[in-house]
Amino acid sequence: MKLDSKIPSGPLGQKWDKHKFDLKLISPANKRKFEVIVVGSGLAGGSAAATLAELGYSVKSFCYQDSPRRAHSIAAQGGINAAKNYQNDGDSVQRLFYDTIKGGDFRAREANVHRLAQVSVSIIDQCVAQGVPFAREYGGLLDNRSFGGAQVSRTFYARGQTGQQLMLGAYQALSRQIGLGTVKMYPRTEMLDLVVVDGHAKGIVVRDMVTGEISSHAADAVVLATGGYGPVFYLSTNAVGCNVTGTFRAFKKGAAFANPCYTQIHPTCIPVSGDHQSKLTLMSESLRNDGRVWVPKRKEDCAKSPGSIAEADRDYILERKYPSFGNLAPRDISSRAAKEVCDEGRGVGPGGLGVYLDFNDAIHRLGAAKIRERYGNLFDMYERITGENAYQQPMRIYPAVHYTMGGLWVDYNLMSNLPGLFVLGEANFSDHGANRLGASALMQGLADGYFILPYTIGHYFASSKQTRPKADDAEFRKVEEEVAARTKRLLSIKGKKTPRAFHRELGKLMWENCGMARSKASLELNLKRIPELREEFWNSVNVAGEAGDLNQTLEHAGRVADFLEFGELLCLDALTREESAGGHFRVEHQEEGECKRDDENFAHVAAWEFQGEGKAPLRHTEPLVYEEVHMSTRSYK
């Protein structure tokens, strides 16, 4: 396998503009001859489908939700970054680029990150034109707030529901194209496999989640915008339906999977309350603009009410450890700081797995009305879940799985090593390295969909000269038969354990042995236990119901089966990467509790190639070469 990143030549700041000029074009009349499949309808997929259709391509859009606007992008709360420098506080494209590279612990591809920073300024203009109701200052100008890992205010926001408002903007653009007939929408339809013809991705096999019908769809190119794989840990802030199936099926058809061990733990989530939970709830990073993170200095004070603990007896851990950034230190660092004090026995709440996020100072400084204006829906959500009023007492928070930086390998054009397969947003690996900064996921998803893919996919069509197959060709029938056989096998086992029981058990292994901290011993334990659990699954799972009907247990079983394979790949990647970087924290590689990178041996992207059932995957590398940035020890102190 050859990993050709196709990074353009020339100065870093000119690469994207030069590349756009060098790309081959398709005339408007000829665009109508090409058909594109887009899997996923979130910010990346929805914006891509709408933009491609607006350009003239014929688009089929697939999502497993009952409506495109229910994609998980809707759950994003805090905001979206852009280098507009409206605050005149020193921001620039160069600073956003550097903050993102540094935030990712120097493990992202330099050219891709610079392009993301460049494109960010256009995203805000696009969204304002769509009517996205960003917060505004008294005079009517767009407001900004700060997010982790930055010392400027560059985050545009719509209260605590930015993802929902951006999603509505993309959805209305998509709906317009659906109404014009340029996009055909397939809701409640799950992609179960990728079809490759003559080495090019040419279609997908799907299951109608209402009728159970399995069918094929052919196209000139396939775009995967299926999100991340956080629920491999079972409990995460992701929607319960989020899964790895789309990207993992592509991996088994030849697409390289890059850096699966790079998973992000978000420091501000509502703590676990019991085994009954199937997901966790995010409390936006934006809350750390005004909230202060602390725990008692003494273990014996942990059971006391927070209001009774004197100021002198409180440990404001992030302000103490990282005075330059304070409570807005990056997510990976903040999460490990919370874990550290809880491991010391100074955690608060049930089980000692929590720290306080206190707004008392901000309320006294700004007034409760101002805090309500900024974060009202988040405070309401917190009270509905916990029964506690955060205006009167501190929130309790604890880290949880939130985002995945790993994903399918893509080149500068966002195309996988598998020609014709484009991968957008969280489903690819390209922009965030080993740790994503807050408010950058929405930025990447919309950059990929609105401003990058529409240029690069045309170049593929103009260059490849491939013909579009028919959905009843032999290659499609073969994949349909494989999908049907897999479904039949799941239904025929008739064991004694539910898919959810297996998922929960896998998640426990992943969280305890490959979560916020990983070690050689814990990863080797997982690499022994996960295959055993997978074998038990295929012998003991009980999938009730039939294939030809609405069957959510069958849907979940298929996703868990993929997680049971993918979890092993994630742990293998984590074991092989003998360093600590960003969200990948190997306890053997640290200095004073901070990540210790090994730039000599691991300044590269690790891309795994499927070798066949029962065979170990093959590890390839793409060196990370920095032209403008100097790799340094990441410090936020």
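This table checks each residue for (1) within 23 Å of G163 (Cα to Cα); (2) touching a helix residue (DSSP H, G or I) at 6+ places or on another chain (Cβ under 7 Å); (3) of a type in the set (K, R); (4) open to solvent by 10 Å² or more (accessible area, probe 1.4 Å).
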site	(1), (2), (3), (4)
T404	yes, yes, no, no
G407	yes, yes, no, no
V410	no, no, no, no
N417	no, no, no, yes
G425	yes, yes, no, no
D431	yes, yes, no, no
L442	yes, yes, no, yes
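Is it fair to say V295 is outside any helix (DSSP H, G or I) and open to solvent by less than 10 Å² (accessible area, probe 1.4 Å)?
Numbers: outside any helix (DSSP H, G or I): yes; open to solvent by less than 10 Å² (accessible area, probe 1.4 Å): yes.
It is true that V295 is outside any helix (DSSP H, G or I) and open to solvent by less than 10 Å² (accessible area, probe 1.4 Å).
Of all residues in region 184-229, which are in a strand (DSSP E or B), open to solvent by less than 20 Å² (accessible area, probe 1.4 Å), of a type in the set (A, V, I, L, M, F, W, C) and under 15 Å from A71 (Cβ atoms)?
M191, V223, L224
Would a scan of region 613-627 turn up a residue that is open to solvent by 40 Å² or more (accessible area, probe 1.4 Å), of a type in the set (S, T, N, Q) and either in contact (Cβ under 8 Å) with a residue 60 or more places away in the chain or in a loop (DSSP other than H, G, I, E, B) (or both)?
yes
If you take the residues in region 464-496 that are modelled with pLDDT of 95 or more and among the small types (G, A, S), which one is most open to solvent (accessible area, probe 1.4 Å)?
Across region 464-496, the extreme among qualifying residues is S492.
Of the conditions (1) surrounded by 21 or more Cβ atoms within 10 Å (Cβ to Cβ); (2) of a type in the set (A, V, I, L, M); (3) under 23 Å from I74 (Cα atoms), A239 fails just one. Which one is it?
It fails just one condition, (1).
Right, Y382: farther than 30 Å from S464 by Cβ and within 24 Å of the chain's Cα centre (by Cα) or not?
yes
Evaluate region 73-93: report whether one residue or more is closer than 22 Å to L174 by Cβ, surrounded by fewer than 22 Cβ atoms within 10 Å (Cβ to Cβ) and touching a residue at least 12 places away in the same chain (Cβ under 8 Å).
Looking through region 73-93, at least one residue is closer than 22 Å to L174 by Cβ, surrounded by fewer than 22 Cβ atoms within 10 Å (Cβ to Cβ) and touching a residue at least 12 places away in the same chain (Cβ under 8 Å).
Just a yes or no: is a residue in region 499-511 hydrophobic (A, V, I, L, M, F, W, C), open to solvent by 60 Å² or more (accessible area, probe 1.4 Å) and under 25 Å from the mean Cα position of the chain (by Cα)?
Of region 499-511, the ones hydrophobic (A, V, I, L, M, F, W, C) are 501-502, 506, 509-511.
Now narrow it down to the ones that are open to solvent by 60 Å² or more (accessible area, probe 1.4 Å): 511.
Add one more test, that the residue is under 25 Å from the mean Cα position of the chain (by Cα), and what stays is 511.
Yes, some residue in region 499-511 is hydrophobic (A, V, I, L, M, F, W, C), open to solvent by 60 Å² or more (accessible area, probe 1.4 Å) and under 25 Å from the mean Cα position of the chain (by Cα).
Out of all the residues in region 153-172, which are closer than 18 Å to Q65 by Cβ and either of a type in the set (V, I, T) or crowded, with 22+ Cβ neighbours inside 10 Å (or both)?
G163, L166, M167, G169, A170, Y171
All but one of (1) touching a residue at least 24 places away in the same chain (Cβ under 8 Å); (2) within 30 Å of R159 (Cα to Cα) hold for K297; which doesn't?
Condition (2) is where K297 drops out.
Check whether at least one residue in region 525-536 is surrounded by 14 or more Cβ atoms within 10 Å (Cβ to Cβ), in a loop (DSSP other than H, G, I, E, B) and modelled with pLDDT of 95 or more, and report yes or no.
The answer is no, given that none of the residues of region 525-536 is surrounded by 14 or more Cβ atoms within 10 Å (Cβ to Cβ), in a loop (DSSP other than H, G, I, E, B) and modelled with pLDDT of 95 or more.
Just checking, which of L116, L166 is touching a Cys at 6+ places or on another chain (Cβ under 8 Å) and either part of a helix (DSSP H, G or I) or not β-branched (V, I, T) (or both)?
From the options L116, L166, the qualifying one is L166.
Within region 361-379, track down each residue that is surrounded by fewer than 16 Cβ atoms within 10 Å (Cβ to Cβ), touching a Lys or Arg at 6+ places or on another chain (Cβ under 9 Å) and modelled with pLDDT of 95 or more.
Across region 361-379, the qualifying residues are D361, L366.
Looking at A434, A439, can you tell me which residue is in contact with a Cys (Cβ under 9 Å, 6 or more places away or on another chain), outside any helix (DSSP H, G or I) and either within 18 Å of A606 (Cβ to Cβ) or in contact (Cβ under 8 Å) with a residue 12 or more places away in the chain (or both)?
A434
Among the residues of region 541-600, what is the count of those that are assigned to a loop (DSSP other than H, G, I, E, B), out of contact with any strand residue (DSSP E or B) (no Cβ under 8 Å at 6 or more places or on another chain) and of a type in the set (V, I, T)?
So the count comes out to 1.
The values are calculated or read from the model by the stated rules, or taken from the named source; none is laboratory data. No experiment lies behind these values; they were computed from the predicted model shown. All Cβ positions, glycine included, derive from the backbone under ideal geometry; neighbour counts span all protein chains shown. Please note that ligands, DNA and RNA were not included when accessible areas were found on the heavy atoms of the full protein model with its side chains. Shrake-Rupley method; radii C 1.70, N 1.55, O 1.52, S 1.80 Å.
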